[in-house]
Amino acid sequence: MSNVNTVIDMVAKEALRLAHEKATFISTINRSYDDSFAKTGAKIGSTLRVRNPNQYTVTEGSRVMTVQDTVETTQTITVATQHHVDLRWNSAEMALDIDEMSERYINPAMSVLMSKIDGTCLATATKETYNQVGTAGTVVGTVSSGFSDTTALGLARAKINQGLAPDGERSLQLDSVTMASIANGIKGLFHPETQVKQAFIEGYVAKTAMATFYENERTYSQTYGGDVTGSTDAASLVTDGGIIVDFHTDVSVANTAVGSTFTIAGVYAAHPETKASLGHLQQFVVISKNAASVNVSPTIYLGLSASTAAKRNVVKVDGTALALTDFNAAVVTFGGTISGTFRQNLMYHKDAFTFVTADLPLYEGSDKMARKMKDGISLRVWQDGDIINDELLLRIDILWGFKTLRPEWACRITN
C-alpha cells in the first residue's frame, strides 16, 4: 500500500509541475491560494474577498482640512469551477518509472487540462479589458514603407502606464502570426533574461523593457455584432457610478456582442489621480446586455457627488466635469467592423487579474488520494481500482476561480 501511495504522491507532484509549465497565461498573473480550506476542503461556490485600493481627492487653496472618510471596498472572487481530466491504465503500466509515466500519460493529460483552464481565463480577461489599441484588420508589425509597424505595442504600454500600473511584472500574450510579424521589427529590444524561470513556462519568447513576450495560440478572437454604428439614446440612462448605457433602437443591442469595445463622443478618459483629461476618448467594453441597453466596464464616474469625486474617470476634453446629459444622443464608435472577427492579443500587469485555487477535500476512507499546492495552484489526484478489468482509474482535479481586478492595468492589441 505504501508503494501505491508513493506513486500517487509522485503523480501529484509531476502533475503540479506540469500545471505551472503549461499555464502560459495563468503563470504570469496573480495566483492566490486560499488556505482557509486546507483542512476541510473547499466546495464549488466558496468565495473570498479582495480589497480594492482606496481613493482620495486633494484639497487645494485652503489650509483648512477637509477630512475624507475612508471607504473600504472589496471584490468577491467565487471559486466556482472544477475541471478534471480522467485516465485509466492497468497494473503493469503502474510499474513504469515516473519519467515514462509522465511522458505517456501525465504530460498529455495536464496539457489538455491546463489548456482548457488557461484559455478560459485568457478569454475572460480579454473580454473584460476595455483598453484597446491597434487597427482592426491589420496585423501588428505589418511592414509599411520598409518598416515593421509595431507602434501598437508602445501604445498598449502607454495605456497601462496611464492606468498607473507599476513598472515591471508586465506580460504580453501574442498569437503566432503576430509574433512572427513583429519579431523582426523589435528583435533589437530582446535581451537575455538574467533569471531563467520564465524559460520554463511554455510559450516564453523573450523579455524587453516593455514586457515579457509569450507566444500563445489561446489568445481570444472578438467577433463584433451586425450593428456597429449609431448613437446612444436621447435618454442614455447613464448615472454617476452606474454601468448602464442605453442604445435603444439606434444601435441594435441584439446585434451587439459581449466583449465589444466602443467610445462615446465627447467622453474623455481622466487621469486617475489628477482628474485631468488624458486627451483621448474613454474606451468601454460591453460586459452584458439588457433589453435595450448594455452594461459596461469601467463603471462610469462623473464625480458629481462627494462619494464619486475621488473615482472620477471621465471628463470633457478640457478636463471639466461632464453632465449626465452629455451622454444623450452621442455618437458611438466601435473598435471593430460589422460581423468582423479580430484576434485580441493582450498586454497586462501581473495584478490586473487573479487566479484562485482552493484545496479539494481528501475523503475519509480513501487512502489513494494526494493533494499538492505550489505557487498558488492546488490540485488533487485520486486513484481507485476496477478489479473486473484489472484497471486503475485516476482523476486530476483543480477547483478554481478567476477575477479581473484592475482592468485599467491591461490593454488589448487588436489585429
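Is it the case that some residue within region 188-207 is in contact with a helix residue (DSSP H, G or I) (Cβ under 7 Å, 6 or more places away or on another chain), modelled with pLDDT of 70 or more, within 27 Å of residue 158 (Cβ to Cβ) and not in a strand (DSSP E or B)?
No, because not a single residue in region 188-207 is in contact with a helix residue (DSSP H, G or I) (Cβ under 7 Å, 6 or more places away or on another chain), modelled with pLDDT of 70 or more, within 27 Å of residue 158 (Cβ to Cβ) and not in a strand (DSSP E or B).
What tally of residues in region 349-388 results from selecting those that are in contact with a Leu (Cβ under 9 Å, 6 or more places away or on another chain) and hydroxyl-bearing (Ser, Thr, Tyr)?
Adding up the residues that qualify gives 3.
For the list (1) in contact with a Ser or Thr (Cβ under 6 Å, 6 or more places away or on another chain); (2) free of Cβ contacts under 8 Å to residues at least 60 places away in the same chain, I need the number of the one condition that residue 335 fails.
Condition not satisfied by residue 335: (2).
Yes or no: region 244-265 includes at least one residue that is within 26 Å of residue 340 (Cα to Cα) and in contact with a Pro (Cβ under 9 Å, 6 or more places away or on another chain). Spell out how you get there, then give the answer.
The first filter runs over region 244-265 and keeps only residues within 26 Å of residue 340 (Cα to Cα), leaving 244-265.
Now drop any that are not in contact with a Pro (Cβ under 9 Å, 6 or more places away or on another chain), which leaves none.
Within region 244-265, none of the residues are within 26 Å of residue 340 (Cα to Cα) and in contact with a Pro (Cβ under 9 Å, 6 or more places away or on another chain).
With surrounded by 14 or more Cβ atoms within 10 Å (Cβ to Cβ), touching a Leu at 6+ places or on another chain (Cβ under 8 Å), assigned to a loop (DSSP other than H, G, I, E, B) and at negative phi as the only criterion, which of 322, 346 stands out? Can you show your working first?
Numbers: 346 fails: assigned to a loop (DSSP other than H, G, I, E, B).
Being surrounded by 14 or more Cβ atoms within 10 Å (Cβ to Cβ), touching a Leu at 6+ places or on another chain (Cβ under 8 Å), assigned to a loop (DSSP other than H, G, I, E, B) and at negative phi holds for just one of 322, 346, which is 322.
Can you tell me how many residues in region 144-157 are without any contact (Cβ under 8 Å) to a residue 12 or more places away in the chain and on the phi < 0 side of the Ramachandran plot?
Of region 144-157, the ones without any contact (Cβ under 8 Å) to a residue 12 or more places away in the chain are 144-146, 151.
Within this subset, residues satisfying the condition of being on the phi < 0 side of the Ramachandran plot are 144, 151.
Residues in region 144-157 being without any contact (Cβ under 8 Å) to a residue 12 or more places away in the chain and on the phi < 0 side of the Ramachandran plot: 2 in total.
One line per residue, one yes/no per condition, for (1) assigned by TED's automatic domain parsing to the domain that holds residue 386; (2) modelled with pLDDT of 80 or more; (3) not acidic (Asp, Glu):
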site	(1), (2), (3)
90	yes, no, yes
93	yes, no, no
98	yes, no, yes
137	no, yes, yes
152	no, yes, yes
161	no, yes, yes
170	no, yes, yes
181	no, yes, yes
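Among the residues of region 358-408, which ones are in contact with a His (Cβ under 8 Å, 6 or more places away or on another chain) and assigned to a strand (DSSP E or B)?
374, 377, 395, 396, 397, 398, 400
In this structure, is residue 380 closer than 21 Å to residue 88 by Cα and in contact with a Ser or Thr (Cβ under 9 Å, 6 or more places away or on another chain)? Explain how you work it out, then say what you get.
On the way: closer than 21 Å to residue 88 by Cα: yes; in contact with a Ser or Thr (Cβ under 9 Å, 6 or more places away or on another chain): no.
So residue 380 fails the test.
Across region 234-244, what is the total count of residues that are closer than 13 Å to residue 297 by Cα and either outside the structural domain of residue 328 (by TED's automatic domain parsing) or touching an Asp or Glu at 6+ places or on another chain (Cβ under 9 Å) (or both)? Let's see the steps before the verdict.
Residues of region 234-244 closer than 13 Å to residue 297 by Cα: 238, 241-244.
Retained after the next criterion (residues that are either outside the structural domain of residue 328 (by TED's automatic domain parsing) or touching an Asp or Glu at 6+ places or on another chain (Cβ under 9 Å) (or both)): 238.
Residues in region 234-244 being closer than 13 Å to residue 297 by Cα and either outside the structural domain of residue 328 (by TED's automatic domain parsing) or touching an Asp or Glu at 6+ places or on another chain (Cβ under 9 Å) (or both): 1 in total.
Would you check if residue 138 is over 30 Å from residue 402 (Cα atoms), in a loop (DSSP other than H, G, I, E, B) and among the hydroxyl-bearing types (Ser, Thr, Tyr)?
Details: over 30 Å from residue 402 (Cα atoms): yes; in a loop (DSSP other than H, G, I, E, B): yes; among the hydroxyl-bearing types (Ser, Thr, Tyr): yes.
When the stated conditions are applied, residue 138 passes them.
Which of the numbered conditions does residue 250 fail, given that it passes all the others? Conditions: (1) buried (at least 21 other Cβ atoms within 10 Å of the Cβ); (2) farther than 20 Å from residue 134 by Cβ; (3) in contact with a Gly (Cβ under 7 Å, 6 or more places away or on another chain).
All conditions pass for residue 250, except number (1).
For region 219-228: of the residues being surrounded by fewer than 21 Cβ atoms within 10 Å (Cβ to Cβ) and in contact with a strand residue (DSSP E or B) (Cβ under 8 Å, 6 or more places away or on another chain), which is farthest from residue 345 (Cα to Cα)?
Looking at the filtered set, the residue picked out is 223.
The values are calculated or read from the model by the stated rules, or taken from the named source; none is laboratory data. Note that the coordinates shown come from a computational prediction; the quantities given were computed from them, not determined experimentally. Glycine gets a Cβ as well: all are built from the backbone with ideal geometry, and neighbour counts include every protein chain shown.
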